[in-house]
Amino acid sequence: MSYRQLSKSRICHALLAFIILAALLAAACSSSEPAKVPDKTATAPAQSHTQPTAPAAPSAPSFIPTTVPVPSPAPAAPSYGQHAPAATIPSQPPAPSQPYTPPPTSSFSINSPLSSLGGAAGGKCGAAPPPGNSGTIGLAVGGAKDVNNFRENIRANYLPLPTDITYEGLYYDYYFDTGNDTPCNKLYCPSYSCAVSKDPFSGKSEYYLSVGLNSGMKESDFARKKLNLVIVLDISGSMSSPFDEYYYDQFGVKQELNMWERNTQKIEVAKDAIKAILNKLNRDDHFSIVLYNQRSYLLQRMSEASRDNLDYAMDAVRQVAAGGSTDLSAGMQLATDLLDEYRWANPNDYENRVIFLTDAMPNTGETGEYSLRSMMRSNAGNKIYTTYVGIGVDFNTELIDYMTKTRGANYYSVHSPGEFVQRMNEEFDYMVTPLIFNLVLSMDGTGWQIEQVYGSPEADKATGEIMKVNTLFPSKKEAGQTKGGLILLKLRRTGGENDLLKLRVTYEDRSGNQDGSEALVYFENTGREYYENNGIRKGILLARYANLMKDWLIDERGNIRQGQSWLPMVNTEEGIIIPATFLGTWERQSLPLTVSSPYRSLFRDFSYYFSNEMREISDSTLNQELDILQLLGHSSYKGD
């Protein structure tokens, strides 16, 4: 081998060795570098420089909508029967290669929250959806918290007032599936459900939308605020009458009373109720007790709720006797004066509340409903809220129902001291803790109007497009259902082909912070009956029941002294109509229970419908209403 060939060979071997050595060094460097572990806390990968994130406008409130494309719905017609669902609008249109179609069993409707707004929720029609939030509190409106006065008057053979049965009071006696199947991370998250239902008498199709009252607040996180409380006890002469007797019946109808009724005065029942309230106070609460008849008296100055102070106050209450006329405004004014120094208390820490125990029959001083309510509204503006506890079957719901259409107000009826103690044990903290104020729902949908609102004391404030609710209180939940957790809207078609409703809710919390949400709801235009869930079905049933009872009471009271035949306002042509509202005198006089022949027939027919619906809903607690229908349908208390 020549020298030139040897040199060339050596150069090739050297180059090969160099390449191998470089490869080994590169591998060694690569293995010594630590492995990269994905960041498990990251919610989304970082965007590239070609897709920058647009900054949020700082001045825009959280409920300003974002644009969401909505596909043109093409729902299948639902089959007749219970829980036939309505058509869904997904929050984003489906991919062209996978067109959206409803389930094969029937079409369904879903309430689609608008993008990042949050809070609005809905559930598939058909079977009841699983609860969206476990372990959270529910919500319910203010105003009446029962219809005890209505039932007790009928049992005592008296004709109730139309205001003895309120929609919100009736709803608060029952638990509702709110249609919420979406997790809620706000103080208030509405959910919406739809139904088309035929009037049981006229057979006409009616359109309903329910508003579910849901909260993201955990029950374990809820605690009532420290109380600055003034208890105001009515000691006027009407409170000396037996618990189940009309005080003003000494001028009219006489009733036979049993021994217990003859020996138990309303004021004694009120004293037991005060004891139940005092027993719910904590050491860091403050309380005072005011008495009133034709003037007001300070029985207990504002004091710490220590055991000694509570015992002393209760001993003083036991010595009180009833007598004199009734100046409700005097008691309200003294309570206001006592709480005036506390009105600047932080609402996140303290609750200022007045609790009245009364039969609500003022006959001296400021007796006008506008004057009394203006005092309550002024107090509410200063964060002093009011609860009424009605005593006796002659409790004047007409006045109190009007006055509690005020921010932060509610009322209860007492017809058994033991029952009231139980309610205070279960609900006192909820009763004195309003959470949400100034709830406004606006509806934007060509061809639709709000005809009536059921389940809210502010129903008379509703317009064709707006519903208002002054206050929402916390409420109990059982098995995913909420006590009184529903507001029902009856809608009217005004023309057009648009079946899409845009719903916007705004509200404020105790500190005045505003929030809200938006949702889209689609109504099927098929004319067939369907109910999105049992909650809205129960709400419709109870609204019709209350309407029928109110129509009966208005008709009977308006015609009881005519002495001639008359026709009920409920018939097969118009069905169950929406009752009129009115105000009257506060000194309530009783009328004997009267059921005219037309209404006996209407009650019998409606009881069949009610019984069938009750079976479909599977709620045996509705039996108490069925019992009343059957009693009135076969009643011997005739008005003809």
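The values are calculated or read from the model by the stated rules, or taken from the named source; none is laboratory data. Only a predicted model underlies this, so the values are computations on that prediction, with no experimental measurement involved. Neighbour counts are summed over all protein chains in view; Cβ atoms, including those assigned to glycine, are modelled from backbone coordinates with ideal geometry. Only protein heavy atoms, including side chains, enter the accessible area calculation; ligands, DNA and RNA are left aside. Shrake-Rupley method; radii C 1.70, N 1.55, O 1.52, S 1.80 Å.
Of all the accessible heavy-atom surface of the stretch 312-462, with the other protein chains kept in place and a 1.4 Å probe, what percent is carbon and sulfur? Here carbon and sulfur together make up 42 percent of the probe-accessible area. Less than 5 angstrom separates the built amide H of residue 142 from those of 471, 473, all sequence-distant by 5 or more or on a different chain. With each label modelled as a point 7 angstrom along the Cα→C-beta vector, the residue 616-residue 631 pair spans 2.7 nm. Note on residue 204/residue 567: beta-carbon distance plugged into 1/(1 + (r/R0)^6) with R0 of 25 Å gives a FRET efficiency of 0.85. Please report how far the C-alpha centroid of the stretch 608-622 lies from that of the stretch 176-223, rounded to the nearest whole angstrom. Between the Cα centres of the stretch 608-622 and the stretch 176-223 lies a distance of 19 Å.
Modelled spin-label separation between residue 272 and residue 371, with each label point placed 7 Å from Cα along the Cα-to-Cβ direction: 3.5 nm. Accessible surface calculations at 1.4 Å, restricted to protein heavy atoms, place the stretch 283-368 at 45 Å² per residue. Going 7 Å from the Cα of residue 279 in the Cα-to-Cβ direction, what parts of the stretch 423-463 have a backbone nitrogen less than 20 Å from that spot? In the stretch 423-463, the label zone of residue 279 (backbone N under 20 Å from the point 7 Å along Cα→Cβ) covers 423-432. Accessible surface area normalised per residue over the stretch 388-534 is 29 Å², counting heavy atoms of protein chains with a 1.4 Å rolling probe. Packing around the peptides 481-488, 293-300, 326-333, 272-279, taken as the average count of other Cβ atoms within 10 Å per residue, puts them in this order, highest first: 481-488, 326-333, 272-279, 293-300.
By the gyration tensor of its Cα atoms, with a ≥ b ≥ c the square roots of the eigenvalues, what is the shape of the stretch 383-466: rounded for a/c under 1.5, prolate for a/b over b/c, or oblate? Please list the in-between numbers first.
Details: a/c = 2.62, a/b = 1.99, b/c = 1.32.
Here the stretch 383-466 falls in the prolate category.
Between residue 456 and 168, the built amide H atoms are under 5 Å apart, and every one of these is 5 or more places off in sequence or on another chain. On the stretch 500-541, 32 percent of the accessible area sits on carbon and sulfur atoms, based on a 1.4 Å probe.
Modelled this way, with points 7 Å down the Cα-to-C-beta line, the labels at residue 340 and residue 440 are 3.2 nm from one another.
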